[in-house]
Amino acid sequence: MSLREKVKNHLNKNPFKGYFRRNRLRPPGAVMEEKFMELCIRCARCIEVCPYESVKRADLFDRLQIGTPYVYADERACYLCMLCPSVCPTGALDPNLKEPEKVRMGIAYIEQDKCLNYLYVKDENAGGTQGFAMICSTCYNTCPYTDEAIKMEQFLLPVITDKCTGCGICVEKCPTDPKSISIIPAGMGNEDLAGLYYQRSRKNFKKAGDAEGYSGDDAIKKKMSIDASGSKPEFKFDYETTDKIDGWTE
Amino acid sequence: MAGQSKIKRYRRLVQAAVFMMMFIIPALNILEIYFIKGTFYSIDVGNAVAADPIAVFQAAMSSKSVNIYMALSVVIPILLMLFAGRVWCSWMCPYHFIVEGVSFVKRKLGMKKSFPVHTPEKKRRTETARLIILVCFIALAGVAGIPLLNLISAPGIISSQALVLVKFHYVTFELVFIIALIIAEFVFFPFFWCRLFCPTGTFLSLFKSERGMHLKRVSSSCSMCGSCKRACPMGLDPVTDGSSLLCHNCGDCIDVCPDNKKQETLRFISGRQHNFPS
Ligand code: SF4
Ligand code: SF4
Ligand code: SF4
Ligand code: SF4
Ligand code: SF4
């Protein structure tokens, strides 16, 4: 990009209106981000009405977005109950939106070098699994639009279609850390065109090699280190488990 | 209007109720009762909505559009201002409630009241200054292209902090702004924020009308004791400035007026009746 273009982009782009991050989504029915920042008066009605505490208030660190609502998909996805669009006093969320399948908060994106299923297939193609690989398919199973928004290719490889609502349920449930699937918010642009802020934050991005987490080969190594004969890997249910079920005896 | 401090008693009741509501509303919402929801930027009760007019005005300005939801949400607040004057400020605003607490503490501590002297000149200057400040603020929001003034709306911030506190059990950085304001209230003259800077209050007062409720000296005689002048938190002379946009109809002056005990001297009226030379 030429210098002139760079300057032009910096000056023409209002820094307050085009600020995107992965897995940080506007609630369902939100108008385009630019318009949203103009319309949202930060009244928090959408935050109050969400029964799942999915909608959160942006904090100071999100620049002048303080107080605007966000769904942080990796913490708590939107369960598409469709309560919030109708309470917005300014139309920043489209109050006429009633059908959850029409929501487009963003689109899910699977990182194939982290996803367990992809790793499994890669592992298998490389000459048969050695019993370490795991099949996950969590995203496919938790998506409210299984087989529409997310499909299985070769019965194993999850693929996102344009029916994806961007609700982020798959992200919340994906078991890998860092997540193998994330939502690209609607309207997130090319980083070269994203203006001043993005340019600055890009400098802070870690190079792929220094990044934390596991690249594909690391993930396989990590999995291979789980050894059933040794100590049990720690595993905690995030719901209450019961040994006994009323009316049933073992 | 015989009983002293009668108005103040009702006012405190309303203020306390509104203050409690800030915490009760999110608690109700946690229980999935959505009859009433929102903050003091915008709140809805059943199907009735009310939004801070300056907030909606900015949204309309920056998006260059007005839709039916915006228009409907400012009807109630504007009607209230037209009929009852700037009562939001003195009767409901949580920030005003807190600042009245501050001036109470200041009095207890024996700090000087340091009201600016009530001269018609000073009053006029305050009245002009706050309008100019509002225009500057709006211009700033226009340049930023987003409803920027919501970030300094004291009642909105306080109520949304109450919401995050109840719902998510933390507070955010905006609280620092409120704390700074409260500290400033100790240092500067009383109610400096409400008198000069608050965009919500200034904008609301624009809808105050002579036809709505306002203060008036209704008796031809007045002992000119000046009690009302000293009591006015906005630094007005109630005998003459009843229809000033600064007056927020708190009624403190009516409560302190000694002449009111004998004969109605100072009271709220609507419309342009009872014209006495002052
Ligand atoms: S649709 Fe329902 S779950 Fe999703 S953000 Fe809105 S209120 Fe929350
Ligand atoms: S209800 Fe609308 S205006 Fe209020 S915070 Fe949510 S999106 Fe913004
Ligand atoms: S793939 Fe399914 S679960 Fe994931 S964001 Fe799209 S619709 Fe939601
Ligand atoms: S939930 Fe995550 S790891 Fe599992 S299949 Fe989906 S993207 Fe892959
Ligand atoms: S001027 Fe502003 S802060 Fe003061 S009482 Fe009115 S709304 Fe509240």
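The values are calculated or read from the model by the stated rules, or taken from the named source; none is laboratory data. Just so it is clear, the model here is predicted, and its values are computed rather than measured. Cβ coordinates were reconstructed from backbone atoms using ideal geometry, including for glycine residues, and neighbour counts include every protein chain displayed. Ligands, DNA and RNA are excluded from the accessible area calculation, which covers all protein heavy atoms including side chains. Shrake-Rupley method; radii C 1.70, N 1.55, O 1.52, S 1.80 Å.
Could you look through region A:39-60, keep only residues that are in a loop (DSSP other than H, G, I, E, B) and of a type in the set (D, E, K, R), and pick out the one that is least open to solvent (accessible area, probe 1.4 Å)?
Step one: list which residues in region A:39-60 are in a loop (DSSP other than H, G, I, E, B), which gives A:40-44, A:50-54, A:58-59.
Within this subset, residues satisfying the condition of being of a type in the set (D, E, K, R) are A:42, A:53, A:59.
On the way: A:Arg42: 4, A:Glu53: 69, A:Asp59: 47 Å².
So, considering only residues that are in a loop (DSSP other than H, G, I, E, B) and of a type in the set (D, E, K, R), the one least open to solvent (accessible area, probe 1.4 Å) is A:Arg42.
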statement: Those residues of region B:53-66 that are in contact (Cβ under 8 Å) with a residue 12 or more places away in the chain and more than 7 Å from every other protein chain (Cβ to nearest Cβ) come to a total of 5
statement: Screening B:Ile146, B:Ile178, B:Ile157 for residues that are open to solvent by less than 40 Å² (accessible area, probe 1.4 Å), within 30 Å of A:Gly18 (Cα to Cα), at pLDDT below 90 and among the aliphatic types (A, V, I, L, M) leaves only B:Ile146
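Regarding region A:61-72, can at least one residue be identified that is open to solvent by less than 10 Å² (accessible area, probe 1.4 Å), of a type in the set (Gly, Ala, Ser) and either part of a loop (DSSP other than H, G, I, E, B) or closer than 13 Å to A:Ala30 by Cα (or both)? Steps first, please.
Restricting attention to region A:61-72, the residues satisfying the condition of being open to solvent by less than 10 Å² (accessible area, probe 1.4 Å) are A:65, A:67-71.
If we keep only those that are of a type in the set (Gly, Ala, Ser) as well, we get A:67.
Checking the rest, the ones that are also either part of a loop (DSSP other than H, G, I, E, B) or closer than 13 Å to A:Ala30 by Cα (or both) come to A:67.
Within region A:61-72, one or more residues are open to solvent by less than 10 Å² (accessible area, probe 1.4 Å), of a type in the set (Gly, Ala, Ser) and either part of a loop (DSSP other than H, G, I, E, B) or closer than 13 Å to A:Ala30 by Cα (or both).
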query: Looking at region A:81-93, is at least one residue more than 10 Å from chain B (Cβ to nearest Cβ), open to solvent by 20 Å² or more (accessible area, probe 1.4 Å) and within 16 Å of ligand 3 (Cβ to nearest atom)?
result: yes
message: Scan region B:67-86 and tell me whether some residue there is more than 23 Å from the chain's Cα centre (by Cα), surrounded by fewer than 17 Cβ atoms within 10 Å (Cβ to Cβ) and within 11 Å of chain A (Cβ to nearest Cβ).
response: yes
field: Residues located in region B:87-135, provided they are open to solvent by 20 Å² or more (accessible area, probe 1.4 Å), in contact with a helix residue (DSSP H, G or I) (Cβ under 8 Å, 6 or more places away or on another chain) and basic (Lys, Arg)
entry: B:Lys113
message: So, in region B:26-49, exactly how many residues are under 14 Å from B:Val164 (Cα atoms) and either more than 7 Å from every other protein chain (Cβ to nearest Cβ) or assigned to a strand (DSSP E or B) (or both)?
response: 7
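Only one of B:Arg230, B:Arg217 is surrounded by fewer than 18 Cβ atoms within 10 Å (Cβ to Cβ), out of contact with any helix residue (DSSP H, G or I) (no Cβ under 6 Å at 6 or more places or on another chain) and of a type in the set (D, E, K, R). Can you tell me which?
Values: B:Arg217 fails: surrounded by fewer than 18 Cβ atoms within 10 Å (Cβ to Cβ).
Answer to the selection: B:Arg230.
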